[in-house]
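**Student:** Submitted below is the structure of interest, expressed as structure tokens.
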Amino acid sequence: MGYIYIFLYLGQNNSQRFDPTTSRMMFYVLSFAQLILIAFMAPALTAGVISSEREKQTLSMLLTTQQSSSTIVLSKLVSSLSFMALIVLATLPVYSIVFLYGGISPKQLVSVFLFYLFVMLLLGSLGVMFSTLFKRTIVAIIVTYGAGLIIFLVTGLLFLFFMGIEQRNLMMSGVQPTGQTYSWVGYLMGLNPGGALISLFEPSFSKEAFMMRGGTISSKPPIQLWLEFVSVYSVVIIIALWIAIRRIRPVRRGKLFGKPKAPKTPNITKAEVIPEEQTT
């Protein structure tokens, strides 16, 4: 991908020299390409870890072991995401092209890879949850991809839609802000992985997403987009794993709705009792 970008850049500018300032743009292209790769691969690797065991009728054997429900769920999640993490780490040499031309610090590279691991954990947790809720693997995979589509696409479209409405209202009102103001639409962009990734590259993007007006150059947005993304979806990860741990083992109906009723014993009257002397 990096070599393709360099080739296209040299062809458009009719030059044999690659401008180092554009290495940041190449870094953005590589980062978003890898983020899309994670979005496609992570649900497929995790959405069938429990349902496939149920389809092969091996889940009951797994549940009879001494391992707890949390151990089973977390080990399945880690084992399925380890392959994806290995693929992401294997692409580190590709980013050496960016360091060859400069413009990117090692701190940014580390932060981007940590962001990748968090997105993998998010999609993996949703995949494991749907794998325990649905009995068929194909249904769990479809629902997991649907949830990923909402996170990656729907949040971005909602941001663009409401941002257009906000800009139109500001143009029609024509009122100049007396102090620092911002719009709530930035919170929608904070739920999108693309917006959070851009805020890691360019911290000023958070101010643009919140449409800040009337502030100074040193004014800060209400929250950085990547920080909102991590905070909100950390709660989603915890809830998804909790549901998966609770639903992996079958729950009896009596235990679910209250204390199980004791079996009724037949009433034996004195007339029905046979003396011991008659039985001998």
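**Student:** Testing the spin-label approximation: label points 7 Å from Cα along Cα→Cβ at Glu208 and Leu158. State their distance in nm.
**Tutor:** 2.3
**Student:** Now, a different point. Report the one residue of Ile72, Tyr116, Phe162 whose Cα lies farthest in the direction of the positive end of the charge dipole of segment 51-185 (charges on C-beta: Lys and Arg +1, Asp and Glu -1; origin at the Cα centre).
**Tutor:** The one lying farthest along the dipole's positive direction is Ile72.
**Student:** In units of 2.2 N^0.38 Å, what is the alpha-carbon radius of gyration of segment 22-137? Write out the running numbers ahead of the final one.
**Tutor:** Numbers: Rg = 17.7 Å, N = 116, 2.2 N^0.38 = 13.4 Å.
Scaled against compact globular proteins, the figure is 1.32.
**Student:** Give me the number: length gained by fully extending Phe99 to Thr58, i.e. 0.36 nm times residue separation minus the C-alpha to C-alpha distance, one decimal in nm.
**Tutor:** Difference between extended and current length: 9.9 nm.
**Student:** Could I have the simple spin-label model distance between Thr71 and Ser234, label points 7 Å from Cα toward Cβ, reported in nm to one decimal?
**Tutor:** 2.8
**Student:** Express the carbon and sulfur contribution to the solvent-accessible surface of segment 19-110 as a percent, rounded to the nearest whole number, probe 1.4 angstrom.
**Tutor:** 72
**Student:** Provide, as a two-decimal number, the C-alpha radius of gyration of segment 113-155 over 2.2 N^0.38 Å, N being how many residues it has.
**Tutor:** 1.19
**Student:** How big is segment 78-179 on each of its three principal axes, counting only the C-alpha atoms and giving the largest first in Å?
**Tutor:** 56, 48, 21
**Student:** Follow-up question, since we're still on this one. How much solvent-accessible surface does Lys207 expose, in Å² to the nearest 10, with a 1.4 Å probe and all protein chains in place?
**Tutor:** Answer for Lys207: close to 50 Å² accessible.
The values are calculated or read from the model by the stated rules, or taken from the named source; none is laboratory data. Here the structure is a predicted model, which means the values were calculated and not measured. In this analysis, Cβ positions are derived from the backbone assuming ideal geometry, glycine residues included, and neighbour counts consider all displayed protein chains. These accessible areas exclude ligands, DNA and RNA; they are computed on the full protein's heavy atoms, side chains included. Shrake-Rupley method; radii C 1.70, N 1.55, O 1.52, S 1.80 Å.
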